[in-house]
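The values are calculated or read from the model by the stated rules, or taken from the named source; none is laboratory data. The structure displayed is predicted, hence computed values, not measured ones. Ideal geometry is used to build each Cβ from the backbone, glycine not excepted, and the neighbour counts take in all protein chains shown. Just the protein is used for accessible areas: all its heavy atoms, side chains included, with ligands, DNA and RNA removed. Shrake-Rupley method; radii C 1.70, N 1.55, O 1.52, S 1.80 Å.
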Amino acid sequence: MKFSEVFSDVLGPSSEAVPFADPTWIGVAFARDAYDNTRFPEWFFQCVMNQFAISREVDLLVAGDCFVQLGLEEVFQVPFQWESYQAFMMEPEHYSIEYRVVSSNRTCGWLSDGDITIFGGEEQRMTLLIERIGGIDKVLDSMRAEFFLGEKEKYSELDHFLQSLLRPALRPCRN
């Protein structure tokens with residue numbers, strides 16, 4: 001599987017603040033250093049799995065920036081289940097600084113680098129997921145706490161970014 005064939009229609013350029021090809025996708029962010037190499041909490045993965053992988057036929061397509069350099073495949077297919085994902089990500093030979101992951105049905109994906117994990121998905125499914133985990137205000141407060149934004153005025157750019165993940169209308173227009 002080639003990297004460009006898998007990710008270009010789901011995740012846009014990593015240079016974009018919000019790296020989703022579809023500008024209507026809703027996202028959430030996690031501080032990467034708060035978690036092991038899985039890059040976000042198991043409880044969130046379980047919620048995502050229940051929302052985006054209802055069918056057992058949906059897998060994850062995982063690419064790491066170091067895979068090719070290490071002589072590995074560009075993209076691995078991993079079952080969309082916590083145990084499988086965790087085992088894959090914790091395997092030392094699969095370690096990378098950056099990862100791109102998409103569901104095989106192209107309804108969700110995430111980008112993770114050395115600082116942040118940005119998860120996103122289709123608007124309707126993400127709206128339901130966010131409602132199930134407490135609503136947009138609770139999720140925003142959780143993201144702020146994750147990044148230690150007790151004084152959001154001091155970190156207005158980061159706070160705006162977090163808000164724009166949840167509310168696509170706040171994002172700058174792409175050309």
Item checked: In the range 82-115, the residues that are open to solvent by 40 Å² or more (accessible area, probe 1.4 Å), farther than 20 Å from residue 129 by Cα, free of Cβ contacts under 8 Å to residues at least 60 places away in the same chain and outside any helix (DSSP H, G or I) -> 91, 95, 97
Next item on the list: Could you list all residues from the range 60-81 that are in a loop (DSSP other than H, G, I, E, B) and under 18 Å from residue 48 (Cβ atoms)?
Entry: 80, 81
Notebook entry, point to check: Is at least one residue of the range 16-37 more than 30 Å from residue 172 (Cα to Cα) and open to solvent by less than 60 Å² (accessible area, probe 1.4 Å)?
Noted result: yes
Notebook entry, point to check: Using beta carbons and a limit of 9 Å, which pairs, at least six apart or on different chains, have the first residue in the range 55-76 and within 15 Å of residue 97 (Cα to Cα) and of a type in the set (D, E, K, R) and the second one open to solvent by less than 30 Å² (accessible area, probe 1.4 Å) and in a loop (DSSP other than H, G, I, E, B)?
Noted result: 65/96; 74/67
Check: Pairs under 6 Å by beta carbon, first residue farther than 14 Å from residue 134 by Cβ in the range 40-54, partner hydrophobic (A, V, I, L, M, F, W, C) and surrounded by 13 or more Cβ atoms within 10 Å (Cβ to Cβ), six or more apart or different chains?
Finding: 40/30; 42/82; 45/82; 49/80; 51/129; 52/108; 53/80
Check: Among (1) free of Cβ contacts under 8 Å to residues at least 40 places away in the same chain; (2) not in a helix (DSSP H, G or I), where does residue 157 come up short?
Finding: (2)
